[in-house]
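S.K.: This is the structure I want to talk about, given as structure tokens.
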Amino acid sequence: MWFAIHSLLSPKKFFNLSNKILPWLTMLFLLTLSYGLIGGLLIAPADYLQGDGFRIIYVHVPCAFLSLSIYATMAMAAVSALVWRIKMGFLVIKHSAPIGACFTLLALITGSLWGKPMWGTWWIWDARLTSELILLFLYLGIMVLQSALAQKNSGDRAVAILVLIGFVDIPIIHYSVYWWNTLHQGATLRLFSPSHIAGSMLYPLLAMIVSFLLYYAIVLLLRMGHDRNTNLSTTR
């Protein structure tokens, strides 16, 4: 089984497979995004406390979820590259970092827009907000290190090690609302207990999260494919 997985992750087979699934991913992205936007912005009722202002949740929560998920993906890619020497892991890190940085920045911006009417301030050094800001700096640091060591053979390994070191921030972000007293509300979605949100609001939110995940997968595959094609053209 491990041999089959390792063989699938070889560049040639990986990119052949990605070219086949990209149209399906795009179709699923458009479907889930359409349902999420229509359900969240038009069908879901206004919140009894926040009114229509709560609807920013359909952008803020998916962005925050992606900011963590992308970094977790990078950490797994780093392990695969350092331990099992799967070179595709370095490519995943290289092209995921800019996407993760964008989603993290969007999470911070939409959180501030939501926080102003709810908390009366654009920013506060809350545990969740501060640890999310640190995540943005981690993404930026990884990108800077990639650029600085682009011409060195040890650059990929150094970046992968930095990714693994920075992973400690992920559980801090997730559990910050439980470990410290914060203004930020607790988790909207829960895996092992009922979510504190009505179904009419929940299902569009889940659709938006899935659509954002699909968007990340599509952009990642396109960026990796473009990188490969560029390298192939320069070596000819």
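The values are calculated or read from the model by the stated rules, or taken from the named source; none is laboratory data. Just so it is clear, the structure is predicted and the values come from calculations on it, not from any experiment. FYI the Cβ positions are ideal-geometry reconstructions off the backbone, even for glycines, and counts take in every protein chain you see. Each accessible area value is taken on the protein alone, full model and side chains, heavy atoms only, with ligands, DNA and RNA left out. Shrake-Rupley method; radii C 1.70, N 1.55, O 1.52, S 1.80 Å.
S.K.: Could you give every pair whose Cβ atoms fall below 7 Å, whose first residue belongs to segment 15-29 and is in contact (Cβ under 8 Å) with a residue 24 or more places away in the chain and assigned to a helix (DSSP H, G or I), and whose second residue is open to solvent by 70 Å² or more (accessible area, probe 1.4 Å) and of a type in the set (D, E, K, R), counting only separations of at least 6 or pairs across chains?
M.R.: Final answer for the pair search is PHE15/ARG228.
S.K.: On to the next question. Select from segment 143-160 the residues that are touching a residue at least 24 places away in the same chain (Cβ under 8 Å) and out of contact with any Leu (no Cβ under 6 Å at 6 or more places or on another chain) and write down the one among them that is most open to solvent (accessible area, probe 1.4 Å). So that I can check it myself, show each step before the final result.
M.R.: Of segment 143-160, the ones touching a residue at least 24 places away in the same chain (Cβ under 8 Å) are 143, 146, 156-157, 159-160.
Filter again for out of contact with any Leu (no Cβ under 6 Å at 6 or more places or on another chain), leaving 143, 146, 156-157.
Details: MET143: 62, GLN146: 39, ASP156: 81, ARG157: 106 Å².
Only one residue tops the list, namely ARG157.
S.K.: Related question: With the condition kept exactly as written, say whether any residue in segment 33-50 is touching a strand residue (DSSP E or B) at 6+ places or on another chain (Cβ under 7 Å) and in a helix (DSSP H, G or I).
M.R.: Residues of segment 33-50 that are touching a strand residue (DSSP E or B) at 6+ places or on another chain (Cβ under 7 Å), as a first pass: none.
No, segment 33-50 contains no residue that is touching a strand residue (DSSP E or B) at 6+ places or on another chain (Cβ under 7 Å) and in a helix (DSSP H, G or I).
S.K.: When you go through ILE57, ILE38 one by one, which is the residue that is in contact (Cβ under 8 Å) with a residue 40 or more places away in the chain, over 30 Å from PHE167 (Cα atoms) and surrounded by 13 or more Cβ atoms within 10 Å (Cβ to Cβ)? Steps first, answer last, please.
M.R.: Values: ILE57 fails: over 30 Å from PHE167 (Cα atoms).
Checking each option against the conditions leaves just ILE38.
S.K.: Quick one: count up the residues across segment 99-118 that are more than 29 Å from LEU221 (Cβ to Cβ) and open to solvent by less than 40 Å² (accessible area, probe 1.4 Å).
M.R.: Keep residues of segment 99-118 that are more than 29 Å from LEU221 (Cβ to Cβ), which gives 112-118.
Applying the additional criterion that residues be open to solvent by less than 40 Å² (accessible area, probe 1.4 Å) yields 112, 114-115.
Residues flagged as more than 29 Å from LEU221 (Cβ to Cβ) and open to solvent by less than 40 Å² (accessible area, probe 1.4 Å) within segment 99-118 amount to 3.
S.K.: Output the residue which, of all residues in segment 41-54 that are of a type in the set (Gly, Ala, Ser) and touching a residue at least 24 places away in the same chain (Cβ under 8 Å), is nearest to ILE197 (Cα to Cα).
M.R.: This residue is ALA44.
S.K.: Then there is this: Out of LEU135, LEU202, which single residue is modelled with pLDDT of 95 or more, within 30 Å of TYR35 (Cβ to Cβ) and part of a helix (DSSP H, G or I)?
M.R.: Working: LEU202 fails: modelled with pLDDT of 95 or more.
None of the others qualify; the one that does is LEU135.
S.K.: Considering every residue within segment 119-131, establish whether at least one is touching a residue at least 60 places away in the same chain (Cβ under 8 Å), surrounded by 19 or more Cβ atoms within 10 Å (Cβ to Cβ) and part of a helix (DSSP H, G or I).
M.R.: Within segment 119-131, not a single residue is touching a residue at least 60 places away in the same chain (Cβ under 8 Å), surrounded by 19 or more Cβ atoms within 10 Å (Cβ to Cβ) and part of a helix (DSSP H, G or I).
S.K.: Does VAL61 fit the bill of being aliphatic (A, V, I, L, M), over 22 Å from ILE172 (Cβ atoms) and in a helix (DSSP H, G or I)? Break it down stepwise before answering.
M.R.: Values: aliphatic (A, V, I, L, M): yes; over 22 Å from ILE172 (Cβ atoms): no; in a helix (DSSP H, G or I): yes.
Against the criterion (aliphatic (A, V, I, L, M), over 22 Å from ILE172 (Cβ atoms) and in a helix (DSSP H, G or I)), VAL61 does not qualify.
S.K.: Residue under question is THR104, and the condition is that it be among the polar types (S, T, N, Q), assigned to a helix (DSSP H, G or I) and without any contact (Cβ under 8 Å) to a residue 40 or more places away in the chain; does it hold? If you could, list the steps in order and put the result at the bottom.
M.R.: Values: among the polar types (S, T, N, Q): yes; assigned to a helix (DSSP H, G or I): yes; without any contact (Cβ under 8 Å) to a residue 40 or more places away in the chain: no.
Considered against the rule, which asks whether it is among the polar types (S, T, N, Q), assigned to a helix (DSSP H, G or I) and without any contact (Cβ under 8 Å) to a residue 40 or more places away in the chain, THR104 comes out as no.
S.K.: It is to be established whether one or more residues within segment 81-94 are in a loop (DSSP other than H, G, I, E, B), over 28 Å from PHE15 (Cβ atoms), in contact (Cβ under 8 Å) with a residue 24 or more places away in the chain and open to solvent by less than 20 Å² (accessible area, probe 1.4 Å). Spell out how you get there, then give the answer.
M.R.: Taking segment 81-94 first, the residues in a loop (DSSP other than H, G, I, E, B) are 84-87.
Imposing the further condition that a residue be over 28 Å from PHE15 (Cβ atoms) reduces the set to none.
No, because not a single residue in segment 81-94 is in a loop (DSSP other than H, G, I, E, B), over 28 Å from PHE15 (Cβ atoms), in contact (Cβ under 8 Å) with a residue 24 or more places away in the chain and open to solvent by less than 20 Å² (accessible area, probe 1.4 Å).
S.K.: Could you check segment 138-163 and list, in sequence order, the residues that are more than 18 Å from VAL92 (Cβ to Cβ), part of a helix (DSSP H, G or I) and basic (Lys, Arg)?
M.R.: None; the set is empty.
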